[in-house]
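This is the structure, below, for whatever I ask next.
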């Protein structure tokens, strides 16, 4: 739709009544493949594991930087 002015853009959009729109939504919704309970649980477990690993990593990085800053500030006094 690049390069179209407002009038041309309005003409290019298909107009359907609310009933037809709901039928189209229902048809498209029927095409959705939902994950199984097992896939959902595995994904949730992987998210918890990765979040925990990143938390540990960033805690370690933060602790290291904190020690470095404290050592540098100790040199000033």
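Can you tell me which of 69-76, 47-54 comes out highest on packing, and rank the rest after it, using the mean Cβ neighbours within 10 Å?
47-54, 69-76
Sticking with this structure for a sec: By average Cβ neighbour count within 10 Å, what is the ranking of 55-68, 28-41 from highest down?
Values: 55-68: 10.0, 28-41: 8.2.
Highest to lowest by the protection proxy: 55-68, 28-41.
Also, I was wondering about something else. Can you tell me how much longer the chain between residue 57 and residue 17 gets when fully stretched, taken as 0.36 nm per residue apart minus their C-alpha distance, in nm with one decimal? Don't jump to the answer; show the numbers that get you there.
Details: separation 40, 0.36 × 40 = 14.40 nm, distance 5.44 nm.
Result for the pair: 9.0 nm of gain on full extension.
Subtract the Cα-Cα distance of residue 65 and residue 77 from 0.36 nm times their separation in residues, and report this length gain in nm to one decimal. List each step's numbers first, then the result.
Numbers: separation 12, 0.36 × 12 = 4.32 nm, distance 1.90 nm.
Working it through step by step, the gained length comes to 2.4 nm.
Which of rounded, prolate, oblate describes the stretch 6-76, given a ≥ b ≥ c as roots of the alpha-carbon gyration tensor eigenvalues and a/c under 1.5 marking rounded, otherwise prolate only if a/b is larger than b/c?
On the way: a/c = 8.79, a/b = 2.18, b/c = 4.03.
Oblate is the answer for the stretch 6-76, as a/c is 1.5 or above yet b/c matches or exceeds a/b.
Since every read-out is calculated from the coordinates, none of them should be taken as a lab result. Nothing here was measured: the structure is a model prediction, and the numbers come from that model. Please note: Cβ atoms are built from the backbone with ideal geometry, for glycine as well, and neighbour counts cover all protein chains shown.
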